[in-house]
Amino acid sequence: MIKVNHVFLTLNKTPILTDINVNFERGKIHGLIGRNGSGKTMLMKCICGFVSPTKGWITVDGKRIGKDCDFPDSTGFIIESPGFIPYYSGYKNLKQLADLRKKITAEDVQEAMRAVGLDPNLKRHVRKYSLGMKQRLGLAQAIMEDPELLILDEPMNGLDNDGVKDMRKYLLTLKENNKTIIIASHSAEDIDVLCDTVCEMNKGTLHQVRPYISESTI
């Protein structure tokens, strides 16, 4: 699904990513671990097309990002804090986004909200949402167009224990439906429960934790 080939990224003369080589197989959940500032979020931004590598290239579903397409097709994401209009309800926020792209119906938006445990009929403004509710709304935005690829940076932030259990169950259901998911998390339990492969990032470099992938397969 995703091939990252000898990717380097330098910003303001500072190395951010150094010679990243990894494949992410379709239909699996792939974990990224590492300290803050290790490069996880920047790698995700490069895969999404938000940041262009200084060297190297990335393909998603056979298309080279920045050459064949600016952004990968059929991708949902949570990267950093989701941004919403604070004086709109959750449903109105998502419906406005859906109307811009014209790919899904109002019923699809409502179904996505219910899938993550939100009531689409709730009139409360997003500015009055708890952190956990905002995180659920961000996930609803990521999944509402039924993407083949999900890129999720700390998706469990702000969720209580029940919310975390619900999200883990939902993500595993998506994997059963052959969705591909890349997730960055500081929670060892999230990684252990969810992920088929795990990559650790440290100061902009990456190595496979499980399973081992030799250079010949990359």
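Given (1) modelled with pLDDT under 90; (2) within 27 Å of K63 (Cβ to Cβ); (3) among the hydrophobic types (A, V, I, L, M, F, W, C); (4) not assigned by TED's automatic domain parsing to the domain that holds P15, where does I213 come up short, assuming only one miss?
(4)
Quick check on region 174-188: of everything there that is surrounded by fewer than 16 Cβ atoms within 10 Å (Cβ to Cβ) and either farther than 20 Å from V116 by Cα or touching a Lys or Arg at 6+ places or on another chain (Cβ under 8 Å) (or both), which residue is modelled with the highest pLDDT?
Applying the filter and picking the extreme gives N178.
I'd like the full set of residues that are farther than 23 Å from S185 by Cα and hydroxyl-bearing (S, T, Y), limited to region 34-79.
Residues satisfying the conditions are S52, T54, T59.
Name the residue, out of R64, R35, R26, that is free of Cβ contacts under 8 Å to residues at least 24 places away in the same chain and either on the phi < 0 side of the Ramachandran plot or aromatic (F, W, Y) (or both).
R64
Inspect all residues belonging to region 14-36 and state whether any of them is surrounded by 14 or more Cβ atoms within 10 Å (Cβ to Cβ) and assigned to a helix (DSSP H, G or I).
no
So which of G56, G62, G83, G49 is out of contact with any Cys (no Cβ under 8 Å at 6 or more places or on another chain) and within 17 Å of L17 (Cα to Cα)?
G56
Can you tell me which residue within region 95-134, out of those that are closer than 21 Å to G158 by Cα and among the β-branched types (V, I, T), is surrounded by the most Cβ atoms within 10 Å (Cβ to Cβ)?
The selected residue is V116.
Between K63, K40, which is at pLDDT below 95, charged (D, E, K, R), assigned by TED's automatic domain parsing to the domain that holds I191 and under 14 Å from the mean Cα position of the chain (by Cα)?
K40
Please go through region 99-152 and pick out each residue that is among the charged types (D, E, K, R) and over 24 Å from E176 (Cβ atoms).
D99, R101, K102, D119, K123, R124, R127, K128, K134 - these are the residues of region 99-152 that are among the charged types (D, E, K, R) and over 24 Å from E176 (Cβ atoms).
The values are calculated or read from the model by the stated rules, or taken from the named source; none is laboratory data. Because the structure is predicted, anything quoted here is derived from the model rather than measured. Glycine gets a Cβ as well: all are built from the backbone with ideal geometry, and neighbour counts include every protein chain shown.
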